[in-house]
1. For the ranges 114-127, 47-60, what's the packing order if you count other beta-carbon atoms within 10 Å of each residue, average per peptide, and put the highest first?
2. With 25 Å as the cut-off, how large is the P(r) tail for region 1-128, expressed as percent of Cα-Cα pairs?
3. Going by how many other Cβ atoms sit within 10 Å of their own, how do ASP214, ASP133 line up, fewest first?
4. Over the chain, calculate the relative contact order: mean separation of alpha carbon pairs under 8 Å at least 6 apart, over the residue count, as a percent.
5. Please list, or write none, the aspartates and glutamates whose alpha carbon is within less than 12 Å of the alpha carbon of LYS198, excluding same-chain residues fewer than 8 places away.
6. Would you mind checking region 284-322 for residues with the amide N under 14 Å from a putative spin-label position 7 Å along Cα→C-beta of ALA239?
7. Starting from a Cα-only point model with no solvent, please compute log10 I(q)/I(0) by Debye for region 57-336 at q = 0.15 1/Å.
8. Assign unit charges at the C-beta atoms only (+1 for Lys and Arg, -1 for Asp and Glu), then state the dipole size of region 57-336 relative to its Cα centre in Debye, rounded to the nearest 20.
Amino acid sequence: MAKHEHLAKSMALPPITPQPNVYPLSWHAHTKKLEDIWDAAQRENWDPKKLPWDTFDASKYSWEEREAIAYWWTILSVFDASAPPVFAAAFIKTYEAHEEDPVRRCFFSVTRDEQNHEQVCGLAITKMLEHPDPLTYVPKTEIGRKAQRNAHWLYYNGGRYWNGYKNAVPKYSLAVLFSSFLMGEIAAATIFHQMAAKCTEPVFKEAFRNIGRDEGRHMAICLSLMERDYPKMDLSDKALITKQVRAGFLFLSGVLFEPPEDFWDIPADFVAWQREIETVARNAGFFVPEYEAKKENWKSAMLNLKGVLDKYGIPFPAIPEVGITGEEIRDVDMVDIIPVF
Ligand SMILES: [Fe+2]
Ligand SMILES: [Fe+2]
């Protein structure tokens with residue numbers, strides 16, 4: 001390689017640095033709301049290790065119950081364990097785009113929060129199974145065997161999503177990414193508030209409360225950015241968002257509702273087994289909403305999102321699974337989607 005030319009010998013100032021370049025040398029701040037959210041994130045930061053784990057005794061549950069509860073945490077992990085790298089990639093993009101300073105910090109806070117959420121999943125699973133990995137754990141009961149087979153399929157599908165996401169980040173504008181993130185945050189805030197309200201195990205209750213509060217902030221970040229950017233958005237981005245919302249519904253149904261078989265590559269008895277496992281968890285005091293309640297919750301979350309998108313004239317997709325009419329979107333694949341928790 002040729003030695004780098006010393007421009008400084010012949011120029012008073014260096015040439016302009018080509019953009020996008022990963023670092024801004026500026027700290028512009030235009031959106032006060034984002035500064036407030038960052039301050040809240042600093043105040044509300046918490047440590048998963050400091051939850052009241054001393055009140056928790058896994059041995060009071062039977063092995064069936066432990067494996068069933070660990071299964072629910074495993075489903076959650078399929079979404080939450082990809083969230084730190086997903087937001088880390090979006091965080092880098094805010095630097096490349098020379099986003100204003102509070103936007104960069106907000107995305108940093110989301111990345112950190114999601115890392116906390118992932119830690120909670122790991123702590124809960126490890127204590128329940130006495131093993132740090134639901135895929136290599138040796139099941140002790142029939143429920144555990146069913147849970148593990150399903151977990152393998154969930155993990156396989158989640159891996160397909162990650163490959164799609166890596167391609168999507170450089171391709172889409174931050175505006176499109178925000179609406180997809182909002183979808184995930186609305187879903188997450190919904191589920192954690194429900195879990196926190198009805199869960200009987202103190203340590204899980206507190207974890208859900210903290211996670212739900214974080215997800216509420218993440219939602220507020222997306223909403224503030226939409227408020228800032230959507231009034232001047234490209235028309236072509238609107239169609240893309242409609243498609244992303246449909247894709248996000250199908251993907252997030254895996255945790256909020258039940259994974260639809262034409263989108264999720266899963267065995268025919270996957271849902272039946274999952275219902276059986278969830279019944280065991282529910283009877284052990286670990287609240288998982290039943291089918292009708294999940295459907296209602298998911299529907300109202302989607303209607304909330306519709307209310308936001310309507311304001312900006314972005315068509316909402318038809319979601320017949322929960323009885324919402326709208327634009328028909330076909331041929332959505334796991335590799336096309338962005339939403340995360
Ligand atoms: Fe999360
Ligand atoms: Fe989140």
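1. 114-127, 47-60
2. On the way: 4076 of 8128 pairs.
Percent of Cα pairs beyond 25 Å in region 1-128: 50.
3. Working: ASP214 26, ASP133 11.
Listed from fewest to most nearby Cβ atoms, that is ASP133, ASP214.
4. Numbers: 421 pairs, mean separation 80.4, N = 341.
So the answer I get is 24 percent.
5. GLU206
6. Under cut-off, by backbone N: 315.
7. After summing over all Cα pairs, the log10 values are -1.16.
8. Values: 32 positive and 41 negative charges, 72 e Å.
Rounded to the nearest 20 debye, it is 340 debye.
Every read-out reported here was derived from the displayed coordinates using simple, explicitly stated rules and does not represent laboratory data. Bear in mind that the values here come from a model prediction, so they are computed numbers and not experimental data. Methodologically, a virtual Cβ is constructed for each residue, glycine included, from the backbone with ideal geometry; neighbour enumeration extends over all protein chains shown.
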